[in-house]
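See structure below.
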Amino acid sequence: MNQLLSFVPGSVLSHGGRDVVVLDVLDVESVFVRYCDDGTPETVRISELTRAEVNLEDPKNERAARLIAEALPLISDKRWMQARERLLALRDLLRMGPGTRGKQLIDAAAEKLGKSPATVYRWLAEYDKTHSIRVFLRLPRNDKGSKKIPGKVDRLIRAVIRAEYLTEQRKMVSTVVESVEYRCRKKKWTPPHKSTIVRRIQELRPRQVVEAREGRRAARGRHALAKGAHPVVAHPLDLWQLDHTPSDYCIVDEVYRRPIDGAQTLSVALDINTRCVMGFTLMMEAPSVRVAGACMAHAILPKERFLQEMDVDASWPCYGRPSVLYTDNASEFEAKSFLKACDMNNIETRKRPKGQPNYAGHIESLFRTFLQKVHELEGSRFANLQKRMDYDSTGRAIMTIQEFRRWFTIFITKYYHQKPHSGLCELPPIKAWERGILGDAERPGIGIPDRVEDEFRLRLDFLPGLERTVQDYGIQIERMKFSHDALRNWVGAPDPQEVGKARKFLVKYDPNDMSEIYFLDPDLGEYFPIPHVGDLEHITYWENLAIKREARKTNRGQINHDTIAEGLSEMREVLRVAAKSTRRARRDQQRTIDSQRNSVPKIRKAEQHADVAATDAINKAKSGPVIDDDDEVQPMPGAVLPSMNRRFE
């Protein structure tokens, strides 16, 4: 405890290891003292005096020892206020010297405080030595923390707590109390009071309780120090985080606008330096390589066309390729096709350390902000049943999956990007992006990011991939056959590395649309679209698997292309009828509609038709009006007309 040295006459101090009593103050630097052991008087300098040592082992000094040992923060407010009241009541006496306090004043103070004169004398003497408010504190009980019940009962309580409370069943405290009482009566012991058992449970370490009842992972998350720190990110596009979360929203189908079962997966790529959302996907499927790849493609590419499709009048200038991508250890981020796509685009992939969620704090904070807004919407599912209570999520659902995408786009561009961000010292993320790109007075920017020239090639890079041989019938994936003249030179090609084996080629496919796949020509380094031999307009990977399962049930053997087309038509008709009354069927139907909208083949064909239309318009403008039909110029043999610019139909 922090004490002050008092030099008033009568104070006991120490000089050279010997106790002395101050007799008089000679000047500002010296005092006249008398040694306690032999009574010798002497003049000493004030700087040579120290506090007299107190023998804490002496029973007379037990109170001082206990006061010194008690830490200031552990003193309760009640005890501290009581000590202050005693100090204020004795302030006039404390200002007097030890020899000037009369018995009448001491008795009056004792009566006012409700204490004996001896207690007041003791307080005054201790305060003269220490000048600390601690002397007025009520001492804690000597037996605090000691056990009053028999040792065998105490051991029984702790054994029951280990066997029934510290388990994965997470039994209630009342169950533990009942079990202790039952066992004590069975042994003919006096049962302890309920509060005694509760105190034994409260004495347990919090981490021990969480680890035993909820697991080590939960215990580390709540009671362990965060190990390591996220690397410092100095510029935009230096580091992204990519992660998934359920959307917690109930959507309706686009045909009947009735609720659909199941949640949607929201995937987001976040730039750590600026906290800007670089891209997202909102899909009616679980996290997968396709979902992660689509999110990366959307994040890297410019957003002008996407904003037009969403009919959102806003600015979203965030695009470019990151230097480093941080992900968790999910299987989709460890897939070869995803890692190769990142390598091809010069993106370094890093995995967050396992069991250390603090490395994903930035994107988790974004998800919390998003979900807080979602929970304010009509049709929110909320995070759990306790929060949902009697709220009818399905009955209040109002948005389709496409409308929900548009809502989230507005949330990003006109709300999240524009609001002050605490992690950026209250700077909005979009302003942080502009500063990082263009620079400011303090530091230069990184400049306008490079734009990807071949957007379709980038989307293909992040599609799931397989290795397949080329047979005389073409390429087969899940009993679906694909063929085109582009495969002619690779039929039966031998493996250049292993003699006697057929060569395998990289094939990309979009699970949302299996009407065509994409074959990577190893010589040209280009992807070629390979159509389905059945000339299907659209079929998803999951619809094909469902047809296969149905075919096995009916024992039809090898599936031909007519059966696939017929089964696909029948399935969709059944879904259309069932969707009127069944939420699961409406989900399957909506998933098919959504896959048609977001499939890579559809995007490719739409871009191709747009290029052809633009070429036709340019040639028509160049040719001018035809004046005489008889003088119409005919193309030369072998000339390529604008309408022939379509590479694959």
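Which of the residues that make up segment 491-544 are open to solvent by 60 Å² or more (accessible area, probe 1.4 Å) and within 30 Å of T592 (Cβ to Cβ)? Once the filter is applied, which keeps residues that are open to solvent by 60 Å² or more (accessible area, probe 1.4 Å) and within 30 Å of T592 (Cβ to Cβ), segment 491-544 yields V533, D535, E537, W542. Quick one: how many residues across segment 444-468 are in a helix (DSSP H, G or I) and closer than 12 Å to Y518 by Cα? Residues flagged as in a helix (DSSP H, G or I) and closer than 12 Å to Y518 by Cα within segment 444-468 amount to 5. Mind checking whether some residue in segment 411-427 is within 31 Å of the chain's Cα centre (by Cα), part of a helix (DSSP H, G or I), within 30 Å of R258 (Cβ to Cβ) and hydrophobic (A, V, I, L, M, F, W, C)? Within segment 411-427, one or more residues are within 31 Å of the chain's Cα centre (by Cα), part of a helix (DSSP H, G or I), within 30 Å of R258 (Cβ to Cβ) and hydrophobic (A, V, I, L, M, F, W, C). Checked against the criterion of being over 27 Å from A218 (Cα atoms) and part of a helix (DSSP H, G or I), the candidates S195, S174 yield just one match: S195.
Once segment 428-462 is narrowed to residues that are surrounded by 13 or more Cβ atoms within 10 Å (Cβ to Cβ), within 17 Å of P302 (Cα to Cα) and of a type in the set (K, R), the residue that is nearest to the chain's Cα centre (by Cα) is R459.
Of everything in segment 182-218 that is under 17 Å from K148 (Cα atoms) and of a type in the set (D, E, K, R), the residue that is least open to solvent (accessible area, probe 1.4 Å) is R200. Scanning segment 338-356 for residues that are touching a residue at least 60 places away in the same chain (Cβ under 8 Å) and surrounded by fewer than 20 Cβ atoms within 10 Å (Cβ to Cβ) yields K340, M344, N345, P353, G355, Q356.
The strands (runs of 3 or more DSSP E) falling completely within segment 230-332 that include 3 or more residues that are more than 30 Å from Q589 (Cβ to Cβ) and touching a residue at least 12 places away in the same chain (Cβ under 8 Å) map to 239-246, 324-327.
The values are calculated or read from the model by the stated rules, or taken from the named source; none is laboratory data. Just so it is clear, the structure is predicted and the values come from calculations on it, not from any experiment. Quick reminder, even Gly has a Cβ in these numbers, built from the backbone with ideal geometry, and neighbours come from all protein chains shown. Just the protein is used for accessible areas: all its heavy atoms, side chains included, with ligands, DNA and RNA removed. Shrake-Rupley method; radii C 1.70, N 1.55, O 1.52, S 1.80 Å.
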